[in-house]
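The values are calculated or read from the model by the stated rules, or taken from the named source; none is laboratory data. Because the structure is predicted, anything quoted here is derived from the model rather than measured. FYI the Cβ positions are ideal-geometry reconstructions off the backbone, even for glycines, and counts take in every protein chain you see. Side chains included, ligands, DNA and RNA excluded: accessible areas come from the protein's heavy atoms. Shrake-Rupley method; radii C 1.70, N 1.55, O 1.52, S 1.80 Å.
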Amino acid sequence: MKKILATLALAVFTITAFAQLRPRVEITSVEINDGEENFEVMQMNDNGQYYLALGHLGVGDEVIQVVFDPATELFIPLGDNLTDAIANLESIQALFKEAPGTSMEVQGCLSIIYPSDQLETVTITHEKFLLSHHLRFSVEREGYIRSTYAGKSEFKPLVSGTKFYKKLHPKE
């Protein structure tokens, strides 16, 4: 019995020690589609970079997107400090004020769990559908498009949450 308890205690200690290494630190996040997707602003502990993580992308064309890859996420680098991260988020958010169809290109990466160094072009396009405005984040690969969408009401809390985090942690 002592051996089982000692082994169990060692396992719990190991798991909690591993959980504290957190290489991906969430600054702020927004759940969409009833919690199916999660957009977040995060920092990587290993390099100090801030990223916008936009969840899983669909595959298809400009009209139809099918989500079948539950592991790959889109990461957009925002900068080395919170000031740069907020400035980049605000420049993306400014697309909502532009005419529908306006787009901009940024660098980003499709990766599993953590961002990688293999950056590619991500096109961000302001689109209007009925009465709602959203941004389409798309990566074109070999004749097909991988996209995800962020509405105005989903993107604004990411910007304001990051600003609030900066007020709480002014030295970062």
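From the list Thr121, Thr148, Thr72, the one residue that fits, being polar (S, T, N, Q) and in contact (Cβ under 8 Å) with a residue 60 or more places away in the chain, is Thr148. Once segment 72-128 is narrowed to residues that are under 12 Å from the mean Cα position of the chain (by Cα) and small (Gly, Ala, Ser), the residue that is least open to solvent (accessible area, probe 1.4 Å) is Gly108. Consider His134 carefully, then state whether it is part of a strand (DSSP E or B), under 18 Å from Lys152 (Cβ atoms) and modelled with pLDDT under 90. So His134 fits the description; yes. Keeping to segment 142-172, report how many residues are open to solvent by less than 70 Å² (accessible area, probe 1.4 Å) and in a helix (DSSP H, G or I). Count: 10.
Taking the conditions (1) farther than 22 Å from Ser160 by Cα; (2) open to solvent by less than 50 Å² (accessible area, probe 1.4 Å); (3) out of contact with any His (no Cβ under 6 Å at 6 or more places or on another chain); (4) modelled with pLDDT of 80 or more in turn, Ser29 satisfies each one other than (1). Scanning segment 129-141 for residues that are open to solvent by 40 Å² or more (accessible area, probe 1.4 Å) and of a type in the set (A, V, I, L, M) yields Leu130, Leu131. When Ser138, Ser153, Ser132 are checked against the criterion of being touching a helix residue (DSSP H, G or I) at 6+ places or on another chain (Cβ under 8 Å), among the small types (Gly, Ala, Ser) and farther than 18 Å from Met42 by Cβ, Ser132 stands alone in meeting it.
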